[in-house]
Amino acid sequence: MRKIFFLLIFLSLVSLINASFLIDVYHKDYGYIVRTVLVFDSKPNYSVLKHQDDIQINIMNCRKDATIQNIQVPNSNVIKAYDFLVSKDKVMVVLSINQTLQLISGDSYKVELYELSGELFKLVLDVFAIKNPKTLEEVRSFADFYKTIGKTELADEYYTIASELKAVQPTQTVTDSTIKTQEPKNIFKKTLQSLTFIESLKNTLNIKIVIILAAGIVLFIVLIIIISKVVKKRVPKSDFEDKSQRSTRGFGDIEFQKKMILKLAAQEWESEAIAMELNLPLDDVHRMRGSDIDDELERF
């Protein structure tokens, strides 16, 4: 028994020696791009999982500096929040994605990952709210970002595109100004021509209106049928428990979630508090704190 005890102590010490330490986390917002940097004392054993609404960085055999706390980012086009979940031998960093631009453009976000080795190890994540910038503001954001990180060729390309977009805007302004300064005769002439054209379309439009109304009635009836069927279906309670835009899948896999639930329960956490901390539906917390909770809590 003594040999086993000393062996366990030895393995624990070795594990502590080999464990990485998360020293600092910082980020910079470039408008439509956010660079996030995780600083470690040594290269960690990590994995990155990309989901539609968040990015999860699982760091095994790692400890975290106590000063690193959860961060809310209310005014960013890219990131909504940084959350840190710590277990006995694991640190999970979750970047919640702002999906507003994705819903508008239909384009998904992009993430690029870099490793910087030196006296300290840095894990760099560049998160792009959009893949292809289209507006002048978006293009300038990409140009400024690439200029800042030293990618001058890419920066110059985007600055050129920005100049071309900017050059187009005065043309539209001049056109509007020209229209406003037209002589009254020309305006009246165009108005009469428009009225004549509208009159010639009346007969055709009357027929089209009848067809559109008939199609609208049919569509309205179909919608009522569909809505009545949907209302009859019971919506899962978990869809309404968390009305925030944060993920309700929780952190890690089922085993990891159950382990954390039992650990927090052992510390006399209420089920509601555990559900909020782990971003899990309350029903899942109750289920994982099942009849065998006493046996599981003794393991901690």
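The values are calculated or read from the model by the stated rules, or taken from the named source; none is laboratory data. Since we're looking at a predicted model, the values are computed, not measured. Cβ coordinates were reconstructed from backbone atoms using ideal geometry, including for glycine residues, and neighbour counts include every protein chain displayed. Heavy atoms of the whole protein, side chains included, go into the accessibility calculation; ligands, DNA and RNA do not. Shrake-Rupley method; radii C 1.70, N 1.55, O 1.52, S 1.80 Å.
Couple of notes before you dig in:
- Unique match (being modelled with pLDDT under 90 and closer than 26 Å to GLU255 by Cα) among ASN18, ASN70: ASN18
This table checks each residue for (1) in contact with a Cys (Cβ under 9 Å, 6 or more places away or on another chain); (2) modelled with pLDDT of 90 or more; (3) under 22 Å from LEU165 (Cα atoms).
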| position | (1), (2), (3) |
| --- | --- |
| ILE97 | no, yes, no |
| THR100 | no, no, no |
| TYR109 | no, yes, no |
| LEU116 | no, yes, no |
| LYS122 | no, yes, no |
| ASP126 | no, yes, no |
| VAL139 | no, yes, yes |
| ASP144 | no, yes, yes |
| LYS147 | no, yes, yes |
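- Summed over segment 120-132, residues that are farther than 14 Å from HIS27 by Cβ and surrounded by fewer than 17 Cβ atoms within 10 Å (Cβ to Cβ) total 3.
- Residues (outside any strand (DSSP E or B) and exposed (fewer than 14 other Cβ atoms within 10 Å of the Cβ)) located in segment 99-119: THR100, LEU103, ILE104, GLY106, SER117, GLY118, GLU119
- Residue-level check: of (1) within 30 Å of PRO281 (Cβ to Cβ); (2) of a type outside the set (Phe, Trp, Tyr); (3) modelled with pLDDT under 55; (4) not in a helix (DSSP H, G or I), GLN182 misses just (1).
- Residue match in segment 37-57 (condition: open to solvent by 50 Å² or more (accessible area, probe 1.4 Å) and either under 19 Å from GLU277 (Cα atoms) or acidic (Asp, Glu) (or both)): yes
- When residues of segment 269-300 are limited to those that are part of a loop (DSSP other than H, G, I, E, B) and modelled with pLDDT of 80 or more, the one surrounded by the most Cβ atoms within 10 Å (Cβ to Cβ): LEU280
- Members of segment 29-86 found to be of a type in the set (Ser, Thr, Tyr) and assigned to a loop (DSSP other than H, G, I, E, B), listed by number: TYR30, TYR32, SER42, THR67, SER76
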